[in-house]
Amino acid sequence: MADTGASDNSKASTPALEDQGEWEPFRCCRLDCSATCINYALVVDGQVVRVKTDDRFEDTEEMPQQRGCVRGQARIKTVYGADRLKYPMKRKNWEPGGGKKELRGRDEWVRISWDEALDIVASEIQRIIDKYGVGSIYRAGMYTNPVLASVGGSYASAGGNSLDGWVYPARCMTGFPNLNSYYGDYLYNDRLSWVKSKLIVLWGNNPSWSCHGYPNKILVDAKRNGAKIIGINPFCNDTISSIGDQWIPIRPGTDTAMLLACAYVMITNDLQDQDFLDRCTIGFDADHMPEGADPKDNFKDYVLGTYDGVPKTPEWAYNICGVDPQVITDFAKEIATTKPAALITCSAATRIFRGEQFAQAFFTVGWMTGNVGKDGAMVSDNSQKLFGNGGLPLMTPGANGKPVVLDPISEVFNYYNGVAPENGLWGIPIQGRWDAVLNGEYMDGKWGMKKVDIQMIWDIGRGNKLQTDPGLPKGIEAFRKVEFVVSADCWFTLTAQYADVVLPEVMQWEYPDNFSPTSNRETLTYCSKVIEPLFETKDDCFINVELAKRLGIDPAAIELSEEEVFCNQLAGAGIMKEDGTDYETMFTITKEDWAELGQPDREPQTGRVEWQQFKKDGIYQLPRQEGDNYGYIALEDFVRDPEANPVATESGKLEIYCQSLSYAVDCFGSYHVDPIAKYVAPEEGYETTFSDFEKRVPGKYPLLMNSPHYPHHNAAQFASNVWLREAWSAPIYMNPLDAEARGLKSEDVVRCYNDRGAVLRQVKLTPRVMPGNVLLPDGQWSEIDPETGIDVGGNPNMLTSTAYNGADVQPWNSINVEIEKWDGDYTPDHVRPLVTDGLTEE
Ligand SMILES: Nc1nc2c(c(=O)[nH]1)N[C@H]1C(S)=C(S)[C@@H](COP(=O)(O)OP(=O)(O)OC[C@H]3O[C@@H](n4cnc5c(=O)[nH]c(N)nc54)[C@H](O)[C@@H]3O)O[C@H]1N2
Ligand SMILES: Nc1nc2c(c(=O)[nH]1)N[C@H]1C(S)=C(S)[C@@H](COP(=O)(O)OP(=O)(O)OC[C@H]3O[C@@H](n4cnc5c(=O)[nH]c(N)nc54)[C@H](O)[C@@H]3O)O[C@H]1N2
Ligand code: SF4
Ligand SMILES: [Mo]
C-alpha cells in the first residue's frame, strides 16, 4: 500500500469502541417522564460516545425488556447541547435592587465565579427580607427549598400543576388521598388484572405518547386476550389508531355532557348496576341520599330532568359535545352490559375550566356500571407514569434521611391530601401567581383578596416556570417588576433568560449515583454517575449548603449530600416478600461494597439481590405470574363488604352526592360545584368559541386549542435537543375542514393567537383531529421575537388563561384561539440555531 501520509484508522489496529469503555446504566430524568426503562451509556475517556437501551436478555412476553424511548436514545444531544449552562452568570446591567430591570430577557451576560454568584444571591435574600419582610420571596421552582424555609419561608403555589381536577374529587368521593401514590391511590388494578378486561375505555389517554414502554404492552396483551378498546378523544391519537377498535371524537372540555347522556340511557333502559349502587354508593337516587341532604338533589332526578325540566338526553348532549346521539346510546349500553370493563381516563380531560365536574361525572357513570373491586374491572383516572399497573411498588428505595425542613408560609401536603383549606390557601394559586406579583394581591380562596409584596423570584428546584405555567406574557411583566430574580437549571431556559443571576446545574449522568423514581411497580432502577459534571455545574445540595453558610444557617440541619442520600436509600431498600405481606431487605451489600461506595463504616447486610449485579444492570425486575401474591384489585374488600371495610369518605361509601367536595371547591373561591355531577358551561371552552352560542354565531376565537404532552419532550425538558427537533417537529395539528375555511394547506406557516399572545407554527392537516379543535404540543420552548412579540418557538402558554379556576385547576385544554396564514419570515425549529448565553467555552 502506498504511503499516503494518512494515519491508519483500520479496524485491525483500533479496538472496537465497546472494548475501550464501560456501559453505565442511566435514566434520563429525575422527574415525571413515563420512566419505565433502563438505558446504558458507553463511556470512553470520560465521554459518552454511544447510548443503547435494555438488552440484558432476550425480549419475551413473560419477561419483557424495559426499553427507553426516543428521548433516551437522543440524550447525548441534550447533555452535550450547545445551550448547556456552563458557568454562573450575572446580567450585565444588574445591580442590587435590580438595576435596569426592563432589560431582563434582553441584556448581555457576564461570567462570574460561584463565590460571587452565591454572595449576590445570599445578600439579595437578606436585603429583600430586611426591606420588605418575610413573605417577599416567591418560590417559582416547585420544590420546597430548605434555605428559604429557614429564613422565614417563601410564597409558593397553593397546589399542583399536574393532578389538576382530580385531587379533590378523588379524595372526597372515593377517600383515596393522592399524596402517597400519585393519581388516586391506585383505584386501578395491577396489569395481570387489566388483561382480563373485556372492554377498555380510554377516555382521553394516550400512553403511546405520554407513557412509553410497558404500559402499551399491557393494552396489547389485553387486546390479544379479546378486549375491545374504545378511545374517546378530540384526537385519534397513536394509541387509538394503533390498537383502538373505535374512536369517538368529542370536543375538548365537553365530556361531562356525554357522560350525563350515558347515565340517561342507562337509567331509561334500567341498565345501571342497582345492587352495586345501593350497597356501595350514596346519592344516586332519592332513596340513598346522605342525612341532611334534600332528596330532590339526587343524581338520577337531575339526569332525568325531573325538577329542572331538562332531561340530559343524547340529543341534549350532542349539541354540546358533538357526539352523535346514536353513538352515545350504543356506547352507554355497551359499558353497562360488558363485564368486566376498565373505564380509564386521564388528567388531560380535567385540564379545562370546571375540571372537577368531569371527574364527578366520570366516577358517577363508571360506578353505575358496577365495574369496581373485581378482576378486570375498574373506574379510574390513570394518566402517565403509573399507567396500567396499580398497587404498591414491589420494590422501594429506603428513606433518604434528609432533614425535613417545612416552609412556614407554603406547603402543599394538604393540597395533595385533598384536605379542604381551613383558614386560607397554602400559597398563591398557580393561576394567579403572575397577577399576585404584578398587582400585589391574590385571591386567597373564599377568604378574599390577600395583599402580598413579592420582590424576589426564586426559580430553582424544578423551575423554568415562565415556560410551563399559564400566562407567559404576564409572567414576563412580573419578572421585570421585582427587584431580584435567580434561576438555576441545566440549560439556558426561557426563565433563566429573564433572570439576574443564573446558576448552572448538573443533570442526570453527572449527578452521583441516584435512585430515579420508577413508574413500574415490578422494577427498581438507578442512574449511575456516568460522567464528571461538565464545566462548572453543581447540584442543588451544593447551592443550598453554600447559601446556608452565607446566611448563618447550619448546613447540616438542612441538607444531606447526594452520596449519603443514595447510600441510605440503598441500605433501606425493600422488596416485597413472596407472600405479599410486607417488604424485606432488598440488597446484599458487603463491607467491600460499602468501601467502594465511599462509606466504609456502614454495616454489611444480606438481602435478595446482590448490589454488584444491580449496579451493573441498573435495574431489578421482579417476575410476575398469574396467581402470585403480588396482584392488586382496587377496592376489592370494600365492594365485598362495604360495611366492614368502609372507604375514607365522610359516609364510608363512594359518594355520588359529595358534600365535602362541593365544600372544598367553594373554599378556593372561584366557582361552586354542586355535590352531584352537573354540566355547567365553562368560562372558556366550546360555548365561548361563539359570540352567541344559542344561535351558533362564531366568535372572535372560534377554535378550541389543547396542548397534549408530546414525545419530543418530558414536560419542557429535551425541547432543545436537536435530533428530537428534527424527529418531532411540533406542528399545530388541525382538521382539513378548518384549514380549508382559512385557505391553508399542510406545512403552511400560521399564526395561532388570542388576546393573550401569539405563536408561529407549521400546520399539519389530519382528519384525526376533530373539526373545531387544534393541538399545539406542550413543552415547546418559547423564543419571543422582540419586534413582533410573537413566539416563534410555539409555547402554548403564550395563549393559556390565568383566570382562577376551581381548586387551582389549570385549564390548558380548552383555550379559545384563531389561526391565520403567516406570510412573514419563519425558520423551522430544527434549522434555527439554539438560544445560548453567548459565553464562550474555556
Ligand atoms: N412524552 C411525554 N410523556 C409525558 C409527559 C411529557 O411531557 N412528554 N409528561 C408527563 C406528565 S407531567 C403528565 S401530567 C402526563 C399527562 O398525561 P395525560 O393526562 O394523559 O395528558 P396528555 O398526554 O396531554 O393527553 C392525553 C390525551 O387526552 C386528550 N384530551 C385533551 N383534552 C381532552 C378533553 O377535554 N377530553 C378528552 N376526552 N380528551 C382530551 C388528548 O387529545 C390526548 O390524546 O404525561 C406524562 N408523560
Ligand atoms: N400549556 C400547557 N402547560 C403545561 C402542561 C400542559 O399540558 N399544557 N402540563 C403541565 C404539567 S402536567 C406539568 S407536570 C408541568 C411540568 O412543568 P415543570 O415542572 O416546569 O417541568 P420540567 O420542564 O420537567 O422541569 C422544569 C425544570 O426543572 C429542572 N429540573 C429537573 N430536575 C431537577 C432537579 O432535580 N433539580 C433542579 N434544580 N432542577 C431540576 C429541569 O431542568 C427543567 O428545566 O407543565 C405544566 N404545563
Ligand atoms: S425520557 Fe424517560 S422513558 Fe424516555 S428513555 Fe429517558 S427515562 Fe426512559
Ligand atoms: Mo404533569
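The values are calculated or read from the model by the stated rules, or taken from the named source; none is laboratory data. The model shown is predicted, which means the values in this text are computed figures rather than measured ones. As a convention, Cβ positions derive from the backbone with ideal geometry for all residues, glycine included, and neighbour counts pool all protein chains shown.
If you go through segment 63-75, how many residues are closer than 12 Å to Arg27 by Cα and either away from ligand 2 (no atom under 16 Å from the Cβ) or over 21 Å from the mean Cα position of the chain (by Cα) (or both)?
As a first pass, look at segment 63-75 and keep what is closer than 12 Å to Arg27 by Cα: 66-69, 71-73, 75.
Among the residues that remain, those that are also either away from ligand 2 (no atom under 16 Å from the Cβ) or over 21 Å from the mean Cα position of the chain (by Cα) (or both) are: 66-68, 73.
Qualifying residue count, segment 63-75: 4.
Only a single criterion out of (1) under 21 Å from the mean Cα position of the chain (by Cα); (2) not in a strand (DSSP E or B) is not satisfied by Thr364, namely (1).
One line per residue, one yes/no per condition, for (1) β-branched (Val, Ile, Thr); (2) touching a Leu at 6+ places or on another chain (Cβ under 8 Å); (3) under 30 Å from Val147 (Cβ atoms):
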site: Glu559; (1), (2), (3): no, no, yes
site: Val565; (1), (2), (3): yes, no, yes
site: Thr588; (1), (2), (3): yes, no, no
site: Gln599; (1), (2), (3): no, no, yes
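Residues that are among the hydrophobic types (A, V, I, L, M, F, W, C) and in a helix (DSSP H, G or I) within segment 323-337 comprise Val327, Ile328, Phe331, Ala332, Ile335, Ala336, listed in sequence order.
Conditions tested, residue by residue: (1) buried (at least 18 other Cβ atoms within 10 Å of the Cβ); (2) under 27 Å from the mean Cα position of the chain (by Cα).
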residue	(1), (2)
Phe638	yes, no
Glu643	no, no
Tyr663	no, yes
His672	no, yes
Ile676	yes, no
Tyr686	yes, yes
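Scanning segment 15-44 for residues being more than 16 Å from ligand 2 (Cβ to nearest atom), among the polar types (S, T, N, Q) and closer than 24 Å to Phe718 by Cβ gives a total of 2.
Can you name the residue in segment 798-810 that is under 30 Å from Cys172 (Cα atoms) and crowded, with 23+ Cβ neighbours inside 10 Å and is also nearest to ligand 1 (Cβ to nearest atom) among such residues? Please lay out each step first, then the result.
The first filter runs over segment 798-810 and keeps only residues under 30 Å from Cys172 (Cα atoms), leaving 800-810.
Keeping just the survivors that are crowded, with 23+ Cβ neighbours inside 10 Å gives 800, 802, 805-810.
Values: Thr800: 13, Thr802: 19, Asn805: 14, Gly806: 15, Ala807: 16, Asp808: 15, Val809: 12, Gln810: 10 Å.
That would be Gln810.
Among the residues of segment 721-736, those identified as away from ligand 3 (no atom under 16 Å from the Cβ), of a type outside the set (Val, Ile, Thr) and touching a Gly at 6+ places or on another chain (Cβ under 9 Å) are Ala730, Pro731, Asn735. Take the conditions (1) farther than 30 Å from Leu392 by Cα; (2) under 21 Å from the mean Cα position of the chain (by Cα); Val502 misses just one of them, which is (2). Scanning segment 1-34 for residues that are modelled with pLDDT of 85 or more, surrounded by 11 or more Cβ atoms within 10 Å (Cβ to Cβ) and assigned to a loop (DSSP other than H, G, I, E, B) yields a count of 3. Scanning segment 473-492 for residues that are in contact with a strand residue (DSSP E or B) (Cβ under 7 Å, 6 or more places away or on another chain) and either of a type in the set (A, V, I, L, M) or not in a helix (DSSP H, G or I) (or both) yields Val482, Glu483, Phe484, Val485, Val486, Ser487, Ala488, Asp489, Cys490, Trp491.
Here is a list: Leu219, Leu271, Leu277, Leu260. Which entry is surrounded by 20 or more Cβ atoms within 10 Å (Cβ to Cβ) and touching a Lys or Arg at 6+ places or on another chain (Cβ under 9 Å)?
Details: Leu219 fails: touching a Lys or Arg at 6+ places or on another chain (Cβ under 9 Å); Leu271 fails: surrounded by 20 or more Cβ atoms within 10 Å (Cβ to Cβ); Leu277 fails: touching a Lys or Arg at 6+ places or on another chain (Cβ under 9 Å).
When all the criteria are applied, what remains is Leu260.
The sole residue among Ile454, Ile409, Ile460, Ile430 that is touching a Ser or Thr at 6+ places or on another chain (Cβ under 9 Å) and within 16 Å of ligand 4 (Cβ to nearest atom) is Ile430. For segment 591-611, does any single residue satisfy the condition of being touching a residue at least 60 places away in the same chain (Cβ under 8 Å), buried (at least 17 other Cβ atoms within 10 Å of the Cβ) and among the polar types (S, T, N, Q)? The answer is no, given that none of the residues of segment 591-611 is touching a residue at least 60 places away in the same chain (Cβ under 8 Å), buried (at least 17 other Cβ atoms within 10 Å of the Cβ) and among the polar types (S, T, N, Q).
For segment 577-586, the criterion of being among the charged types (D, E, K, R) and part of a helix (DSSP H, G or I) is met by no residue. For Gln384, the criteria (1) under 19 Å from the mean Cα position of the chain (by Cα); (2) modelled with pLDDT of 95 or more; (3) at positive phi hold in every case but one, which is (2). Here is the figure for segment 692-716: residues that are touching a helix residue (DSSP H, G or I) at 6+ places or on another chain (Cβ under 6 Å) and away from ligand 2 (no atom under 16 Å from the Cβ) total 3.
Is it the case, given these coordinates, that Ala332 is closer than 15 Å to Asn382 by Cβ and either in contact with an Asp or Glu (Cβ under 6 Å, 6 or more places away or on another chain) or of a type outside the set (Val, Ile, Thr) (or both)? Here the answer is no, as Ala332 does not meet what is asked.
Residues of segment 693-714 that are more than 30 Å from Ala35 (Cα to Cα) and hydroxyl-bearing (Ser, Thr, Tyr): Tyr701 alone.
Looking across segment 695-720 at every residue that is aliphatic (A, V, I, L, M) and in contact (Cβ under 8 Å) with a residue 60 or more places away in the chain, the one that is farthest from ligand 3 (Cβ to nearest atom) is identified as Leu703.
Listed by position, the helices (runs of 4 or more DSSP H) contained in segment 69-132 that have at least 2 residues being closer than 30 Å to Pro215 by Cα and more than 16 Å from ligand 4 (Cβ to nearest atom) are 70-73, 76-79.
Collect the residues in segment 775-797 that are surrounded by fewer than 24 Cβ atoms within 10 Å (Cβ to Cβ) and outside any loop (DSSP other than H, G, I, E, B), keeping them in residue-number order. Across segment 775-797, the qualifying residue is only Ile784.
Counting just the residues of segment 141-164 that are hydroxyl-bearing (Ser, Thr, Tyr), away from ligand 4 (no atom under 15 Å from the Cβ) and surrounded by 24 or more Cβ atoms within 10 Å (Cβ to Cβ), which one comes out nearest to Glu546 (Cα to Cα)? Across segment 141-164, the extreme among qualifying residues is Ser154. Only one of (1) out of contact with any strand residue (DSSP E or B) (no Cβ under 6 Å at 6 or more places or on another chain); (2) in contact (Cβ under 8 Å) with a residue 60 or more places away in the chain; (3) farther than 23 Å from Ile38 by Cα; (4) not small (Gly, Ala, Ser) fails for Asp617. Which number is that? Failed condition: (3). Taking the criterion of being out of contact with any helix residue (DSSP H, G or I) (no Cβ under 7 Å at 6 or more places or on another chain), within 30 Å of Thr78 (Cα to Cα) and of a type in the set (D, E, K, R), the residues of segment 766-822 that qualify are Glu783, Asp785, Glu787. Residues of segment 766-811 that are within 16 Å of ligand 2 (Cβ to nearest atom), closer than 19 Å to Pro702 by Cβ and either of a type in the set (Val, Ile, Thr) or within 21 Å of the chain's Cα centre (by Cα) (or both): Val774, Leu775, Leu776, Pro796, Met798, Leu799, Thr800, Ser801, Pro811. Would segment 299-308 turn up any residue that is surrounded by 19 or more Cβ atoms within 10 Å (Cβ to Cβ) and within 31 Å of the chain's Cα centre (by Cα)? No, the conditions are met nowhere in segment 299-308. Determine if segment 295-315 includes at least one residue that is part of a helix (DSSP H, G or I), over 22 Å from Tyr657 (Cα atoms), in contact (Cβ under 8 Å) with a residue 40 or more places away in the chain and β-branched (Val, Ile, Thr). Checking segment 295-315: not a single residue is part of a helix (DSSP H, G or I), over 22 Å from Tyr657 (Cα atoms), in contact (Cβ under 8 Å) with a residue 40 or more places away in the chain and β-branched (Val, Ile, Thr).
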